[in-house]
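Below is one structure, written out as structure tokens, with a few remarks after it.
The values are calculated or read from the model by the stated rules, or taken from the named source; none is laboratory data. Note that the coordinates shown come from a computational prediction; the quantities given were computed from them, not determined experimentally. Note that we place each Cβ from the backbone using ideal geometry, even for glycine, and neighbour counts take in every protein chain shown.
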Amino acid sequence: MKGESLYTVFSKALSSEEKAISYFEKMRWDGNVISPFDPTSKVYKCGNGKYKCKSTGRYFDVKTGTPLANTKLPMTKWLLAIFLFQADKGGISSCQLARKLEITQKTAWYMLMKIRELVAKSNANNPKLSGEVEIDETFIGGKNKNRHKDKKVEKKGVLFIQTEQAIRALILITNKEM
């Protein structure tokens, strides 16, 4: 028995491309449309999700000036791909995304690269982490099943963060001292 794909279920919730476009417009502009060509210019709304910049006379849409520009994929698939990308703890592969969105693996790979580019652009101005950052975690103390019954303890989780400046170790969970 084969159920509906996640894309089919999601497309029922976002029943039209117009709803997906208006959602992206709300995320990007929050009701105040700004031209990517001239931010001070007045903007006219045209049909089919397009806008026109008064000072330059150029047309644009919600994807213009973003990594999603010039893609022919529907916005509903982009929205679901972004959701799946951020919801999967271990990261989603292009093969998994292709199956869930009912697209080719090559297209799914392209989408994941564009989503990563979006994430990188949004995190570019983050002052807390800069340069090349490596993160890993480990549990110190070995397995409890290998210890004497009087010496069993809760595990400590240690997160190692390495930036260009320093290496930091943060203790995440400490229930009992080792």
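Things worth noting here:
- Residue match in segment 89-105 (condition: in a loop (DSSP other than H, G, I, E, B), without any contact (Cβ under 8 Å) to a residue 40 or more places away in the chain, under 22 Å from S35 (Cβ atoms) and of a type outside the set (A, V, I, L, M, F, W, C)): no
- The set of residues in segment 41-72 being among the basic types (K, R) and assigned to a strand (DSSP E or B) consists of K45, K52.
- Checking S22 against (1) outside any loop (DSSP other than H, G, I, E, B); (2) under 15 Å from L68 (Cβ atoms), the condition it does not meet: (2)
- Residue pairs meeting the criteria (Cβ under 7 Å; at least 6 apart or on separate chains; first under 17 Å from L14 (Cβ atoms), in segment 64-81; second surrounded by 17 or more Cβ atoms within 10 Å (Cβ to Cβ) and polar (S, T, N, Q)): T76/S11
- If you filter segment 25-40 down to residues that are in a loop (DSSP other than H, G, I, E, B) and of a type outside the set (A, V, I, L, M, F, W, C), you find that the one that is surrounded by the most Cβ atoms within 10 Å (Cβ to Cβ) is S35.
Residue-by-condition table, conditions (1) basic (K, R); (2) loosely packed, with under 11 Cβ neighbours inside 10 Å; (3) at pLDDT below 80; (4) under 30 Å from K152 (Cα atoms):
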position	(1), (2), (3), (4)
P67	no, no, no, no
M75	no, no, no, no
W78	no, no, no, no
L97	no, no, no, no
T104	no, no, no, no
L118	no, no, no, no
K121	yes, no, yes, no
E137	no, no, yes, yes
